[in-house]
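These notes are about the structure you will find just below.
The values are calculated or read from the model by the stated rules, or taken from the named source; none is laboratory data. Values in this document were obtained by computation on a predicted structure and should not be read as measured data. For neighbour counting, all protein chains shown are included, and Cβ atoms are generated from backbone atoms with ideal geometry for every residue, glycine included.
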Amino acid sequence: MRQLTAFTRKEFTEIRRSKKGLVVFVIFVIFGIMSPAMAKLTPWLYETLAESLKEQGISIGNVTVTALTSWEQYYKNMFMEFLVLAVVFGGILTSEYQKGTLINILTKGLNRWKVIAAKCIALFISWTVCYWLCFGITCAYTAYFWDNGALRHILLSAAGSYLFGIWLIAVIMLFSTLFNSVTTVLLATGVLYMVLGFLSMIPAAADYLPLKMTSGLDLLTGKAAVQDYAASAVVTAAFTVIAVAVSVRVFNRKRL
């Protein structure tokens, strides 16, 4: 455990020194503020555009903004949060290959599985802090400007996207053990995301895919029930565990 703890501290130090943690932190804070801010500014934006659109024969009626408007913007921004997570941390393992920094550590007796475990722990914690901070900011400002009381399962709907982010980290780690280039890792992750998007168009498969977890807005508005996400949650959690386990197995056999 001492080796794992020490290497995990090393990962957090690297995230801090490289400013990656700060970049993700700031971006997620901006996203958290942006959702209620855009909702609050929507009537003003429509009013500003009303005159120019009226000249083109387009009429804009009264725009009603509620707490749901803010949360709709929040879930629209979710893809960008996943993208930031992948781009910033996609090279967490491949950069070690290029620098050759793992060779000295491993030759001194560090078990290979602890490398994967430490990096997963660092990413999971970083994602947890930044994601729930973003959610908390949006929730607080939305409650301040409007009322969240009319919406259902606010916390559970956000938990789905959080679980998808954990799954995404596991996928990045798996591809990082298979490929030596961060570009290839990101490309493979993007291809997998698109494949899931195509498969989600099949009604029989959609409820079992990890991508289902990102549709928290349906749960928030009552269009979907909590049990509708059970199969996807189980599959996503199982795939996450399997991806991490396969990452350890592949990395144990990988030439550095």
Per the filter on segment 82-103, residues among the hydroxyl-bearing types (Ser, Thr, Tyr) and either more than 24 Å from Phe25 (Cβ to Cβ) or without any contact (Cβ under 8 Å) to a residue 60 or more places away in the chain (or both) are Tyr97, Thr101
Helices (runs of 4 or more DSSP H) contained entirely in segment 158-225, each with at least 1 residues that are modelled with pLDDT of 95 or more, touching an Asp or Glu at 6+ places or on another chain (Cβ under 9 Å) and more than 18 Å from Ala238 (Cβ to Cβ): none
Check on Thr240, under 17 Å from the mean Cα position of the chain (by Cα), surrounded by 14 or more Cβ atoms within 10 Å (Cβ to Cβ) and not basic (Lys, Arg): yes
Here are some residues: Thr142, Thr128. Which one is within 25 Å of Met34 (Cα to Cα), part of a helix (DSSP H, G or I) and in contact (Cβ under 8 Å) with a residue 60 or more places away in the chain? Thr142
Among the residues that make up segment 110-120, is at least one of them touching an Asp or Glu at 6+ places or on another chain (Cβ under 8 Å), in contact (Cβ under 8 Å) with a residue 24 or more places away in the chain and among the basic types (Lys, Arg)? yes
Return yes when Ser52 is modelled with pLDDT of 70 or more, on the phi < 0 side of the Ramachandran plot, among the hydroxyl-bearing types (Ser, Thr, Tyr) and part of a helix (DSSP H, G or I) and no when it is not. no
Qualifying positions in segment 82-103 - part of a helix (DSSP H, G or I) and either in contact with a Gly (Cβ under 7 Å, 6 or more places away or on another chain) or surrounded by fewer than 18 Cβ atoms within 10 Å (Cβ to Cβ) (or both): Phe82, Leu83, Val84, Leu85, Val87, Ser95, Gln98, Lys99, Thr101, Leu102, Ile103
Yes or no: Ala158 in contact with a helix residue (DSSP H, G or I) (Cβ under 7 Å, 6 or more places away or on another chain), surrounded by 16 or more Cβ atoms within 10 Å (Cβ to Cβ) and more than 21 Å from Ala245 (Cβ to Cβ)? yes
Can you name the number of the only condition in (1) out of contact with any Lys or Arg (no Cβ under 9 Å at 6 or more places or on another chain); (2) in contact (Cβ under 8 Å) with a residue 60 or more places away in the chain; (3) over 30 Å from Gly222 (Cβ atoms); (4) not in a loop (DSSP other than H, G, I, E, B) that Leu106 fails? (1)
Test result for Ser126, of a type in the set (Gly, Ala, Ser) and closer than 27 Å to Lys19 by Cβ: yes
Single match in Ala188, Ala206, Ala159 (criterion: under 29 Å from Thr94 (Cβ atoms) and either aliphatic (A, V, I, L, M) or touching a residue at least 60 places away in the same chain (Cβ under 8 Å) (or both)): Ala188
Is there a residue in segment 202-209 that is over 27 Å from Leu106 (Cα atoms), of a type in the set (Phe, Trp, Tyr) and surrounded by fewer than 17 Cβ atoms within 10 Å (Cβ to Cβ)? yes
